[in-house]
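The structure under discussion appears below in the form of structure tokens.
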Amino acid sequence: MTATGSATSSARPVYIDIGKALGTDYFLLKDELSTAEQRYLERTRGFVHEEVLPVINDYWERAEVPVDLCRRLGELELVGDGLQGYGCPPMSSTAAGLITMELNRGDGSVGTFLGVHAGLAMRSIHMHGSDEQKQRWLPAMARCEKLGAFALTEPRHGSDSVSLETEARRDGDEYVINGAKRWIGNGTLADVVVLWARDAEDLQVKGFLIEKGTPGYDARAIEGKGSLRALWQADIDLTDVRVPAENRLPGANTFADTAKVLKATRASCAWSALGHAVAGYDAALNYAAQRTQFGKPLARFQIVQEKLVRMLCEITTMQLYCQRIGQLDDTKDLSDTIAALGKLNNTVKAREVLAEARNLLGGNGILLANHVIRHMADIEAIYTFEGTETIQTLLVGRDITGLSAFT
């Protein structure tokens, strides 16, 4: 169906004009961006409106990955997450955040694809790989000719990822890996999987590159998801998977090295949540202006205006969080606890904003065509992955008190 400003009959619902939803910026923060950052913002925004929004609801409803849309990110030179060199387009951390924000404003599955592919897989190789590994994989991944995944979470270890049980045992010039992983984005599609396993010799967590087609690697898409439906996440069984020793990431020797990658993705989650919240607010604002009830537009009612202003307050706070996170990341001053607080604040606030947006749309809020219920469902995944609200709270709590509640 095409978007229209009003229902054509009493039997048909209202569909908002998504073309009018261009991303709110009440504090004029765009003026603080560099020319390059503004260009990345506009390029991503154009892609979202011209290519993602017209088709994404169908992909989401069918639980099908829009692979062609994902590969388009490479063609548009939007893949790199601020990494330097090796074919990655030059961009600041703020520019990478803006790309993440806009993609998630369009769709959480597309945004999460980039987070897994670039923010986790490419970053792991860039941060911990050998120069040969970087040269082999990163340029092709920046063009999305090769797709990546990041396999850390296990069936028995979600938030407690440091206790992972997957084992890598050295056997001559190879490692033999056995274990299981769960919730691995792109795990069924990836050309290379960055897999984390415990070395049987020294019991330290190390990183390995598992190439597509490796015997013993069995990945199956998890079915029945109500969130991020246009992204396939996998259950993976690893049975005597043999990996050449040169496929071990030489810079990843303890879980602390894994945590360095996760710090950046927690910050990315704050940008993602902002994108979802802005999508909900824009939809609610446009709907309130277009929908007539009791003889006047909803936007003329005081209680509706109050709700919209409260939503705007939360979004502006989230934007300021992201702006500062980007600045600190660019100057290498972003700590894992600041990233944790950003992820905590923005995911919690995004859930609240989206719930209010769905409320303001009334019954029409549950229709995919109005671009709210999809975001409301997808924020649940972002709220949970890369550490739940509880985990982020305990990380920051340990930092400000000096006392750990984990043990």
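The values are calculated or read from the model by the stated rules, or taken from the named source; none is laboratory data. Note that the coordinates shown come from a computational prediction; the quantities given were computed from them, not determined experimentally. Every residue, glycine among them, receives a Cβ derived from its backbone with ideal geometry; neighbour counts consider all protein chains shown. Areas reflect the complete protein model, heavy atoms only, side chains present, ligands, DNA and RNA absent. Shrake-Rupley method; radii C 1.70, N 1.55, O 1.52, S 1.80 Å.
Points worth noting:
- Spatial separation of Cα centroids for the stretch 255-319 and the stretch 119-170, in angstrom: 32 Å
- Accessible surface, per residue, of the chain when the full set of protein chains is kept, probe 1.4 Å, Å²: 43 Å²
- Inter-label distance, nm, simple model (7 Å from Cα along the C-beta direction), Arg169/Leu403: 4.4 nm
- All aspartates and glutamates inside 18 Å of Lys146 as judged from Cα atoms, apart from same-chain residues fewer than 8 positions distant: Asp68, Glu75, Glu77, Asp81, Asp131, Glu132, Asp191, Glu211
- Histogram of C-alpha separations across the stretch 232-303, 5 Å bin width, %: 3, 11, 10, 10, 13, 10, 8, 7, 6, 6, 5, 5, 4, 2, 0
- Within the stretch 165-303, the percentage of alpha carbon pairs spaced more than 22 angstrom apart rounds to 55%.
- Sulfur and carbon atoms: percent of accessible area, the stretch 292-407 [1.4 Å]: 57 percent
- Label-point gap, in nm, between Asp237 and Arg39 - each point 7 angstrom along Cα→Cβ: 5.0 nm
- Pairwise Cα inverse-distance average, inverted: Kirkwood Rh of the stretch 22-88 (Å): 14.0 Å
- Over the stretch 97-202, equivalent-ellipsoid semi-axes from the Cα gyration tensor in Å: 26, 18, 11
- Relative contact order (percent, whole number), the chain, Cα cutoff 8 Å, 6+ residue spacing: 17 percent
- Dividing the convex hull volume of the alpha carbon atoms of the chain by its residue count gives 136 Å³ per residue.
- Cα-only Debye scattering, the stretch 202-250: base-10 log of I(q)/I(0) at q = 0.20, 0.30 Å⁻¹: -0.82, -1.14
- The chain: calculated mean residue ellipticity at 222 nm from DSSP helix runs of at least 4, using -39500 (n - 2.57): -15000 deg cm²/dmol
- Evaluated on the stretch 74-126, the Kirkwood hydrodynamic radius is 10.9 Å, with distances taken between all distinct Cα atoms.
- Counting 0.36 nm for each residue step from Thr24 to Ala221 and taking away their Cα separation leaves a gain of 67.4 nm.
- The stretch 294-356: radius of gyration and largest Cα-Cα distance (Dmax), Å: 16.0, 55
- Taking amide H atoms as placed 1.01 Å from N in the peptide plane, the amide H of Thr166 lies under 5 Å from those of Ala180, Arg198, each 5 or more residues away in sequence or on another chain.
- Carbon and sulfur %, accessible surface of the stretch 43-90 computed with the full protein complex present, 1.4 Å: 46 percent
- For the stretch 158-206, applying the loop criterion from DSSP together with a ceiling of 13 other beta carbons within 10 Å to the chymotrypsin sites (Phe, Trp or Tyr not before Pro) yields no site.
- Ellipsoid semi-axes in whole angstrom, largest first, where each is sqrt(5λ) of the Cα gyration tensor of the stretch 263-407: 33, 14, 13
- Stretched out straight at 0.36 nm per residue, the stretch from Ile303 to Arg324 would grow longer than its current Cα-Cα span by 4.3 nm.
- Here's the list of aspartates and glutamates a cross-link from Lys307 could span, going by alpha-carbon distance under 12 Å and ignoring same-chain residues fewer than 8 apart: Glu352, Glu356.
- Entries in Lys260/Lys332; Lys30/Lys260; Lys212/Lys263 that, when Cα-Cα distance is taken, lie over 18 Å: Lys30/Lys260; Lys212/Lys263
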